[in-house]
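K.L.:
I'd like to ask some things about the structure below.
The values are calculated or read from the model by the stated rules, or taken from the named source; none is laboratory data. Quick caveat, the model's predicted, so the values are computed rather than measured. Please note: Cβ atoms are built from the backbone with ideal geometry, for glycine as well, and neighbour counts cover all protein chains shown.
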Amino acid sequence: EVARIAGYSKIPLAMPKFDITPPELDPAQELGWKIRDLLVGAGWTETLSYSFVGAGAGGELELENPVDKTKQFLRPSLLSSFKEQFEAVRRAGSGTVKLFELGRVFSQAEGQFPTASKGSAMLPAQPWHLVLAVNEPGSNNFRLVKGALDVIQAELGITLTPTYTEISPGYCAEVDLETTVEPVVREFKPLPKFPSIKRDLSVVAPGTSWGKIEEEIRGFSPLVDDVKGIDVYEVRGSGSSTTATISFRSSECTLKSEEVDAEMARLIKLLQAKFKAIIR
């Protein structure tokens, strides 16, 4: 009443102040979003399946009050409920099916969540899993699944331990994300100041693997910047012939063609003397 009589306009305006604490980041959730972005960008579709399943191989957690009495267990793996979704989508169309799911599974082991706000009892373990399956007619479905996991490992710098399963027709893999090896620390090098010069080399070395030859090439000169194998084919009576591209680069100046030619001549003599190599 005093404020009304004195006049609300005489009271200075001020926004209330309070501290906003950002939520803690969940590493598993962060990893899940990164995996989603990679798979969706590669043409995969995310799906969701029920956490309840019917009787399985044994050892599943049974619900005391199931909503559906035919699905009275908690899933021990994503694949146990994911297969129904995959089969339904596959039967509905005639083209390629590429599905994945991220979700929790349930085991008998003690987990990280308490059963109540007070007390020491813990809920069962609920680790995050990833499952993906593909059916592409005329393609190697195993290679498609493995290729997707290889991309995830390469892009995120992690190591996955998948379990592969053939689901006719198609192939799938399930990964326990709780056992994922932590990302490696990547070291970035500055862009080179000077250009490289490339030379191709075709060599036949009977009884010697390309790995040993590549190791020798990489270590013979500090000017060797990179070695990439291009082609390997059999030469009748001589073994396998390997063609590789060798990149030369200096960190101090731009190399001249004559300098690289001299390095190539020295390399050829080394390979001929050490491996009895035949330069083609």
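K.L.:
Between a residue in the range 91-109 that is over 21 Å from LYS146 (Cβ atoms) and any residue that is hydrophobic (A, V, I, L, M, F, W, C), which pairs come within a Cβ distance under 7 Å, given they are 6 or more apart or on different chains?
P.N.:
GLY103/LEU78; ARG104/TRP128; VAL105/LEU78; PHE106/LEU61; PHE106/LEU74; SER107/ALA125; GLN108/LEU61; ALA109/ALA125
K.L.:
Can you tell me which residue in the range 134-163 is surrounded by the fewest Cβ atoms within 10 Å (Cβ to Cβ), limited to those that are outside any helix (DSSP H, G or I) and out of contact with any helix residue (DSSP H, G or I) (no Cβ under 7 Å at 6 or more places or on another chain)?
P.N.:
Across the range 134-163, the extreme among qualifying residues is GLY138.
K.L.:
Just name the residue that is modelled with the lowest pLDDT out of those in the range 178-222 that are exposed (fewer than 11 other Cβ atoms within 10 Å of the Cβ) and among the aliphatic types (A, V, I, L, M).
P.N.:
This residue is VAL184.
K.L.:
Looking only at helices (runs of 4 or more DSSP H) that lie completely in the range 1-94, which have at least 1 residues being surrounded by 11 or more Cβ atoms within 10 Å (Cβ to Cβ)?
P.N.:
Counting at least 1 such residues, we get 27-41, 79-92.
K.L.:
For the range 33-60, enumerate the residues that are touching a Lys or Arg at 6+ places or on another chain (Cβ under 9 Å) and farther than 16 Å from LEU130 by Cβ.
P.N.:
Residues satisfying the conditions are GLY43, TYR50, PHE52, VAL53, GLY54, GLY56, GLU60.
K.L.:
Residue check: is VAL175 modelled with pLDDT of 90 or more, within 26 Å of HIS129 (Cα to Cα) and of a type outside the set (S, T, N, Q)?
P.N.:
yes
Residue-by-condition table, conditions (1) farther than 15 Å from ALA148 by Cα; (2) out of contact with any Asp or Glu (no Cβ under 9 Å at 6 or more places or on another chain):
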site: GLY7; (1), (2): yes, yes
site: LYS10; (1), (2): yes, yes
site: LEU13; (1), (2): yes, yes
site: PRO23; (1), (2): yes, yes
site: ASP26; (1), (2): yes, yes
site: ILE35; (1), (2): no, yes
site: LEU38; (1), (2): no, no
site: SER51; (1), (2): yes, yes
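K.L.:
Which ones in the range 93-116 are modelled with pLDDT of 85 or more and aliphatic (A, V, I, L, M)?
P.N.:
Across the range 93-116, the qualifying residues are VAL97, LEU99, LEU102, VAL105.
K.L.:
Of the numbered conditions (1) within 14 Å of ILE197 (Cβ to Cβ); (2) of a type outside the set (Asp, Glu); (3) within 31 Å of the chain's Cα centre (by Cα), ILE213 fails exactly one; give the number of that condition.
P.N.:
All conditions pass for ILE213, except number (1).
K.L.:
So which residues in the range 237-275 are closer than 10 Å to VAL203 by Cα and either assigned to a helix (DSSP H, G or I) or basic (Lys, Arg) (or both), if there are any at all?
P.N.:
Of the range 237-275, the ones closer than 10 Å to VAL203 by Cα are 240-244, 268, 271-272.
Answer for the range 237-275, where residues must be closer than 10 Å to VAL203 by Cα and either assigned to a helix (DSSP H, G or I) or basic (Lys, Arg) (or both): ILE268, LEU271, GLN272.
K.L.:
Report, ordered by the first and then the second residue, all pairs with beta carbons closer than 6 Å, sequence separation of six or more or different chains, a first member in the range 166-187 that is among the β-branched types (Val, Ile, Thr), and a second member that is outside any loop (DSSP other than H, G, I, E, B) and at pLDDT 85 or above.
P.N.:
VAL175/LEU130; VAL181/THR159
K.L.:
Quick check on the range 232-280: of everything there that is charged (D, E, K, R) and at pLDDT below 90, which residue is farthest from LYS198 (Cα to Cα)?
P.N.:
ARG236
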